[in-house]
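The values are calculated or read from the model by the stated rules, or taken from the named source; none is laboratory data. The structure presented is a predicted model; accordingly, all values stated were derived computationally and were not measured. Here Cβ is always computed from backbone atoms with ideal geometry, including for glycine, and neighbour counts include all displayed protein chains. Accessible surface areas use protein heavy atoms only, side chains included; no ligands, DNA or RNA. Shrake-Rupley method; radii C 1.70, N 1.55, O 1.52, S 1.80 Å.
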Amino acid sequence: MAVASLFWVLAVNGLFFGAALQGRALSSPATWAFAAGLAVLLFGVHFLLLALVANRWTVKPLVALLLVASAAAAWFMQAYGVYVDPMMLRSVLRTDVAEARELWSWGLLAHMALYAGLPLMLLWRVRIEPRPWRRAALRRGVALVLAGVGVVALLAAMFQPLASLMRNHREVRYLVTPANLLWSTGAVLARDARGAAQPRQPLGTDATLAADGNPRPRVLVMVVGETARTANWGLSGYARQTTPELSRLPVLDFPQVRSCGTDTETSLPCMFAPVGRRDHDEARIRGSESLLHLLARAGVDVHWRDNQSGCKGVCDGLPQDTVASLNPPGLCNGGRCLDEGLLAGLDEWLARVSGQGGTHVWVLHMLGNHGPSYFRRYPPAFARFQPACEDDELRNCSTEQIVNAYDNALLYTDHVLGSLVATLQAHAAQVDSAMLYVSDHGESLGEKGLYLHGMPYAIAPDEQTRVPMVTWWSDGMVSRTGLDLACLRQRAAEPAAHDHLFHTVLGLLDVRTEVLEPAWDLTAGCRTPRAAGMQAPARP
Ligand SMILES: [Zn+2]
């Protein structure tokens, strides 16, 4: 146990030491004393954690598991600048096979052989001597007390520099490996256990659809984007035209939208919740029904179509399907499908709906720019920016190649959205429709040495938290909602956030409920209340 703890301190915590010692002079003895203190502290903490849970039978499998997990964690922290916090771990635990397969690479394999394989062989050779239980218990007790006293004494001695480190860079604690794995696993399991114990809290039980007496069907298609960032979005001012199809359409772009989280696991439930980032409470969001449950109760026909890793609870119990199960011809390969598959059958569905009336909300969950293999997200016709990175491992590509592949994936997203609008437009004579696209979070493409996403929100760069948002309305939808597009265009130029989605959708579909906060409805000031025509103020 002691050897394993020592190995971890020295082998997989380079990033933690780097971050913790940032800004300190390397020549100063105080820096070295602080580093040594931190090392001993890490050793003590890991030893203590292990000693608490391990016994003669469990110690080997436990250490083996942790060796493998921490070697892998160190690799991803090093390669992509990610932090192993509870949110990141939740993402990892929910990852599907197709996602995991893209992360494997030869570099990771070599790293695993060195940092997990070798120690595992050593571990294999360790013989555990059976001791009389009395002596074993005594030794364990003494070791625990010694380690505990040591850790406490060190904490006291180093309180001042440690406190300032934690105050300024709380996140560095998630770089301590493998304690970050143990802690984050525990946190996720505890939260899920609490969440699973009780059913979801109902949301907006008073919700009703205001009847506008219009027999034409209303369709809102919400598109949840993946890993698209504003910085590379043509419509929002990127130097490159990555949105050629959308920019030829009468769409409305929101260039200043902040995401709720920096990963799908956080952002997705949050985008369908009444309170998102402004008073973020993950437990409350996960424990409550979503916007879609509320709409379904109010009588809206709700459907979720997924081309990714599921709806994270947002569509539980509601009608749903996946692109992979539809298996549209020529678009799927090995369980992964191109996003055009999301539009499969949409045309026929709209034709059917046109004779039915009613209000319909379809959510399309894109694979979008899911990394690191951006080049797998688009068909060859969209490989326009060259040379593009065509390696599953980003470190084998130049920044230029990575950005090119990422931008090509955006070109394809633009094409899917353009096709969607064209399909809605083709039915606009019979169906009033709107499209609302918004990405779940952004992505780092090497800026500040960071890649991918998932940074703790407080220190996440804009690249990860600024997301594109685009809307389109059919003429029938504009007149039916009394929408003033010029007014909304002005509003679009101002800052907005995922927090606005819930209330904007309710406002647009004219759902009456006490949970609707008009202040968070982006269209609230730009719609003519339907009753206004009937109750025009009397002029003196
Ligand atoms: Zn995502």
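Some notes on this structure:
- In region 104-143, the trypsin sites (Lys or Arg not before Pro) that fall in loop regions by DSSP, at most 16 other Cβ within 10 Å: 127
- Which of 57, 104 is most accessible, then next, and so on - probe 1.4 Å: 57, 104
- Over the C-alpha trace of region 247-322, radius of gyration and Dmax come out as 14.1, 42 angstrom.
- A Cβ-based charge dipole, computed about the Cα centre of region 249-408 with Lys and Arg at +1 and Asp and Glu at -1, lands at about 280 debye.
- Ranking 201, 242, 273 by how far each Cα lies toward the positive end of the dipole of the chain (charges on Cβ) leaves 201 at the top.
- Solvent-free Debye scattering, log10 I(q)/I(0), computed from the Cα coordinates of region 324-478 at q = 0.13, 0.15, 0.16, 0.20 Å⁻¹: -0.71, -0.88, -0.97, -1.26
- Sites residue 381 and residue 3, calculated FRET efficiency, Cβ-Cβ separation with R0 51 Å, nearest 0.05: 0.40
- Rounded to the nearest 0.05, the FRET efficiency derived from the C-beta distance between residue 192 and residue 429 at R0 = 51 Å is 0.60.
- Potential extension, residue 281-residue 128 segment - 0.36 nm per residue separation minus Cα distance: 50.5 nm
- Dipole of the chain, positive direction: furthest Cα of 260, 438, 183, with charges on the beta-carbon: 183
- Nonlocal amide H pairs with residue 320, under 5 Å, H built at 1.01 Å: 304
- Charge dipole (debye, nearest 20) of the chain; +1 at Cβ of Lys and Arg, -1 at Cβ of Asp and Glu: 2200 debye
- Summarising the amide proton neighbourhood of residue 257: residues at separation of 5 or more, or on other chains, whose placed amide H is nearer than 5 Å comprise 467, 496.
- Percent carbon-and-sulfur accessible area, the chain, ignoring ligands, DNA and RNA, probe 1.4 Å: 61 percent
- Accessible area of the chain divided out per residue, in Å², using a probe of 1.4 angstrom: 45 Å²
- Annotation: amide H of residue 444 within the under-5 Å range of 452, 453, sequence separation 5 or more or interchain, hydrogens built in the peptide plane.
- The calculated Kirkwood hydrodynamic radius for the chain is 25.8 Å, given to one decimal from all distinct C-alpha pairs.
- For the chain, the relative contact order is 20 percent, taking Cα pairs closer than 8 Å that sit 6 or more residues apart in sequence and dividing their mean separation by the residue count.
- Prolate/oblate/rounded label for region 169-302 (Cα gyration tensor, a/c 1.5): oblate
- Within the assembled protein chains, the solvent-accessible surface assigned to residue 28 is about 30 Å², based on a 1.4 Å probe.
- Since only 417, 149, 457 are under comparison, the one whose Cα sits farthest along the positive direction of the charge dipole of the chain, derived from C-beta charges on Lys, Arg, Asp and Glu, is 149.
- Potential lengthening between residue 153 and residue 138 on full extension [0.36 nm per residue; Cα-Cα distance subtracted]: 3.2 nm
- Across region 237-252, rounded Karplus estimates of 3J(HN,Hα) from the backbone phi angles (6.51 cos²θ - 1.76 cosθ + 1.60, θ = phi - 60°) give x, 5, 4, 8, 7, 9, 10, x, 6, 5, 5, 8, 9, x, 9, 10 Hz, Gly and Pro being marked x.
- Pairwise Cα separations in region 298-388 fall into 5 Å bins from 0 onward with the following percentages, short to long: 3, 12, 20, 21, 18, 13, 7, 5, 2, 1, 0.
- Region 225-338 - percent relative contact order, Cα under 8 Å, separation 6 or more: 15 percent
- Only helices enter this figure: runs of n ≥ 4 DSSP H residues, each worth -39500 (n - 2.57), summed and divided by the residues of the chain, yield -13500 deg cm²/dmol at 222 nm to the nearest 500.
- Distances between every pair of Cα atoms in region 347-422, grouped in 10 Å steps from 0 to the bin holding the largest one, split as 18, 38, 20, 15, 8, 1 percent.
- Our summary gives region 430-470 a relative contact order of 50 percent, counting only alpha carbon pairs under 8 angstrom and 6 or more residues apart.
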